[in-house]
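The values are calculated or read from the model by the stated rules, or taken from the named source; none is laboratory data. Being a predicted model, the structure only gives us computed values, none of them experimental. All Cβ positions, even for glycine, are placed from backbone atoms using ideal geometry, and neighbour counts span all protein chains on display. Accessible surface is based on the protein model in full, side chains and every heavy atom, while ligands, DNA and RNA are left aside. Shrake-Rupley method; radii C 1.70, N 1.55, O 1.52, S 1.80 Å.
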Amino acid sequence: MKLTLKVWRQKSANDKGKIETYPIDNISEHMSFLEMMDVLNEQLITEGKIPVSFDHDCREGICGMCSMHINGEPHGPDRGVATCQLHMRKFKDGDTIYIEPFRAKGFPIIKDLVVDRSAFDRIQHAGGFVSVNTSGNTQDANALPIPKADADTAFDSATCIGCGACVAACKNASAMLFVSAKVSQFSLLPQGKVEAKRRVLHMVEQMDKEGFGNCTNTGACEVECPKGISLENIARMNREYLKASVSSSK
Amino acid sequence: MSKSGPLSSSIARKMAMALSAFFLMFFLLQHLTINMTSVIDGDTFNDLSQFMGTNFLVQYILQPVLLLGVVFHFVIGFVLELKNRSARDVRYVKYKGAASATWMSRNMILTGLVILAFMGLHFYDFWIPELKTKFIDGDWSGMVAGEEGYRYLTELKHKFENPVRVGIYVVSFILLGLHLAHGFNSAFQSMGANNKYTKGLKKFGIAFSVLIPLGFIFIALFHHFNH
């Protein structure tokens with residue numbers, strides 16, 4: 001395949017950045033998108049140019065590290081996959097492909113296609129955990145009876161890999177789908193109910209502090225999420241938040 | 001909620017938007033019901049208009065509450081739009097919004113602004129003349145000097161004589177329908193309602209967003225062609 005790549009290049013966080021055009025040839029349709037980016041970088045190095053910086057790690061769709069906005073959509077035109085699992089067979093010979101970083105005030109650009117997603121870590125630190133006594137007398141989790149339906153729903157929420165595609169897809173750059181998945185995965189289980197009020201209030205407060213937008217229920221996040229996290233999580237978080245707000249003493 | 005005020009949290013703002021939307025959607029239903037009587041039976045329309053225009057509870061309690069509800073919905077809508085725009089300070093060079101979200105959901109501010117402009121015309125047509133008649137001229141009779149019966153139906157028919165005005169009303173109601181097509185179910189989602197009834201509720205929401213504007217359009221066209 002012969003392609004024209006329009007790639008966002010930005011030297012540093014303070015640089016203005018712009019789209020650069022790179023023609024690329026001999027791309028196999030069996031390559032993953034990231035392998036195609038590797039080929040581009042080898043080409044740039046051979047030409048004495050600076051390669052494109054981009055995030056990647058496991059390349060198996062489970063770490064949430066890859067974060068490209070491809071042809072106007074996070075993780076590209078395929079559904080239910082991260083950029084690493086997007087294959088070049090989704091494109092045609094002669095295509096022009098726009099490659100940009102995830103854009104949001106909460107995800108400042110570090111370089112080229114690499115963005116700082118530590119806002120998600122800070123949201124998790126604000127309440128996305130269960131305080132467990134690990135002194136040696138910890139109760140076996142399997143000893144707690146949990147309805148299968150609840151366990152399955154909590155597991156579905158926990159499959160969120162925190163890649164940030166929800167923020168990138170949302171016209172408001174809202175992080176509600178991510179935060180709601182992290183709230184849900186705990187609030188549905190008995191271990192998480194103890195800190196449920198504190199968790200949802202603190203995580204939402206941190207989300208707002210990070211500068212993400214307000215959810216207007218467009219549903220773009222759900223469509224673009226590589227793990228199929230459902231909007232039901234946002235509704236559940238809203239209920240949890242309302243309950244916590246009216247009953248919390250703080 | 002947050003330490004610095006009940007509307008400082010993003011979820012609280014969503015819920016406030018949803019609650020004001022529920023109130024306005026109920027008002028639309030009530031407004032359409034009364035207006036529909038102008039097509040079915042003119043005397044009933046006149047009687048209802050006189051009641052609504054002179055009843056203490058409607059005039060001094062419900063009307064100010066309605067006005068506050070409308071202003072609140074628009075103000076918080078603008079606040080949300082501004083905050084959301086600032087949440088992405090650098091725009092994408094290529095952004096395919098239509099790939100994952102409906103036009104209606106992505107353009108609530110646009111349809112909302114058209115509805116706001118329409119309300120300016122609607123107030124100019126009906127509400128401001130009513131305020132003048134009652135509060136400046138001091139005439140609460142609902143009559144026109146020298147004529148029999150209430151004036152409301154005659155005034156309504158007169159307004160819909162102008163085809164340009166009817167055209168503006170029709171276009172505005174179509175945009176109201178598009179606004180409701182997303183807004184109805186979005187309000188339920190914001191309040192945390194996403195359950196086994198959601199599928200049915202979505203269908204009801206679509207029916208509501210089609211039938212309410214269609215009813216208003218029918219009334220405007222009926223009086224235009226039957227004056």
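List of remarks:
- Within the stretch A:74-108, being among the hydrophobic types (A, V, I, L, M, F, W, C), under 25 Å from A:D156 (Cα atoms) and away from every other protein chain (no Cβ under 13 Å) holds for A:V81, A:A82, A:C84, A:L86.
- Checking A:K243 against (1) over 13 Å from B:A12 (Cα atoms); (2) more than 7 Å from chain B (Cβ to nearest Cβ); (3) open to solvent by 50 Å² or more (accessible area, probe 1.4 Å), the condition it does not meet: (1)
- For the stretch A:129-152, the condition of being within 14 Å of chain B (Cβ to nearest Cβ) and either surrounded by 16 or more Cβ atoms within 10 Å (Cβ to Cβ) or not hydrophobic (A, V, I, L, M, F, W, C) (or both) holds for none of the residues.
- Selection status of B:A101, in a helix (DSSP H, G or I) and either of a type outside the set (S, T, N, Q) or modelled with pLDDT under 95 (or both): no
- Hits in the stretch B:154-202 - residues which are in a helix (DSSP H, G or I), within 9 Å of chain A (Cβ to nearest Cβ) and either acidic (D, E) or open to solvent by 50 Å² or more (accessible area, probe 1.4 Å) (or both): B:F188
- Scanning the stretch A:74-109 for residues that are assigned to a strand (DSSP E or B) and either touching a residue at least 60 places away in the same chain (Cβ under 8 Å) or open to solvent by less than 10 Å² (accessible area, probe 1.4 Å) (or both) yields A:P74, A:T96, A:I97, A:Y98, A:I99, A:E100, A:P101, A:A104, A:F107, A:I109.
- Inside the stretch A:188-222, residues that are open to solvent by 10 Å² or more (accessible area, probe 1.4 Å) and outside any loop (DSSP other than H, G, I, E, B) make up a count of 14.
- For B:S105, the conditions (1) farther than 30 Å from A:T96 by Cβ; (2) within 25 Å of the chain's Cα centre (by Cα) are fulfilled apart from (1).
- Boolean, A:V183 is modelled with pLDDT of 95 or more and not assigned by TED's automatic domain parsing to the domain that holds A:M65: yes
- Residue that is open to solvent by less than 50 Å² (accessible area, probe 1.4 Å) and at the interface with chain A (Cβ under 7 Å from one of its Cβ atoms), where the choices are B:N107, B:N84: B:N84
- Selection status of B:G146, open to solvent by 60 Å² or more (accessible area, probe 1.4 Å), modelled with pLDDT under 95, at positive phi and more than 14 Å from chain A (Cβ to nearest Cβ): yes
- Count of residues meeting criterion [surrounded by fewer than 19 Cβ atoms within 10 Å (Cβ to Cβ) and either outside any loop (DSSP other than H, G, I, E, B) or within 11 Å of chain B (Cβ to nearest Cβ) (or both)] in the stretch A:158-187: 1
- The requirement of being facing chain B (nearest Cβ under 7 Å), in contact (Cβ under 8 Å) with a residue 40 or more places away in the chain and under 30 Å from B:L178 (Cβ atoms) is not satisfied by A:N233.
- Flag for B:F78 being assigned to a helix (DSSP H, G or I), within 14 Å of chain A (Cβ to nearest Cβ) and within 21 Å of B:I11 (Cβ to Cβ): yes
- Count - residues of the stretch B:11-48 that are crowded, with 20+ Cβ neighbours inside 10 Å, touching a Leu at 6+ places or on another chain (Cβ under 8 Å) and closer than 21 Å to B:I212 by Cβ: 3
- Residue match in the stretch B:111-133 (condition: surrounded by 13 or more Cβ atoms within 10 Å (Cβ to Cβ) and within 14 Å of chain A (Cβ to nearest Cβ)): yes
- Where strands (runs of 3 or more DSSP E) fall entirely within the stretch A:1-73, those with at least 3 residues that are within 14 Å of chain B (Cβ to nearest Cβ), in contact (Cβ under 8 Å) with a residue 12 or more places away in the chain and buried (at least 18 other Cβ atoms within 10 Å of the Cβ) are at A:3-9, A:68-70.
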